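Inspection log for the structure reproduced underneath, given as structure tokens.
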Amino acid sequence: MKTTSENLKLVLLTIILVMMTTGIFAQRQQKAPNAAKPAGLNEQQMELPPPPPPPAPPEPPQPPDQFGLMMSRGLNIPDLSEDQRQNIKKVDLAHLEKMTPLRHQLMEKNARLASLLVANPFDLKETEKIADEIGKIKSSKLKLQISHDQELRSLLTPEQKIIFDSRPKPFLGKRKLDFSNEHR
């Protein structure tokens, strides 16, 4: 009896293996003709060319000149002549040459002041001295900025001056001047 049941199991196992093997071969033969075709696409979709790549992002607009603070900050005054542009470049360069050392001095004094404020023992006289020096440097910078602004203004026509004067002055800070509520 054992041999019959073992023989029966062996026959059944062989039949199952043959069925599985023929099923696998049958599936491979069905996929072979369509191997190049991705799943889910019909023949019309296969013939279409691939979609074009997305367009490159636009480059950010460049200032009219790659020079100077005023040009990059937007001195976009209409109808500037080439002569005016060249003169503005010269004025900006001279201003930058004068302002750079003052900016560096101011950074040094601010760093020194920060050190003095946390020093132990605190030296009030030295701290006040540095504060006075910072005030002098800021005053010098403001005077140079006012002079630069007026020099630029002198290069403009009356129509251009109206536009130039209507713009905020960076050296005045971000606050707006309001004379409506003057203290009397």
Matching entry among 182, 133, 128 (being exposed (fewer than 13 other Cβ atoms within 10 Å of the Cβ) and modelled with pLDDT of 95 or more) | 128
Taking the options 82, 108, name whichever one is within 30 Å of residue 158 (Cβ to Cβ), open to solvent by 70 Å² or more (accessible area, probe 1.4 Å) and modelled with pLDDT of 90 or more.
-> 82
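The values are calculated or read from the model by the stated rules, or taken from the named source; none is laboratory data. As the structure is a prediction and not an experimental result, all values here were calculated from the model. We place every Cβ from the backbone using ideal geometry, glycine too, and count neighbours over all the protein chains shown. Keep in mind that these areas ignore ligands, DNA and RNA; they rest on the heavy atoms of the full protein, side chains included. Shrake-Rupley method; radii C 1.70, N 1.55, O 1.52, S 1.80 Å.
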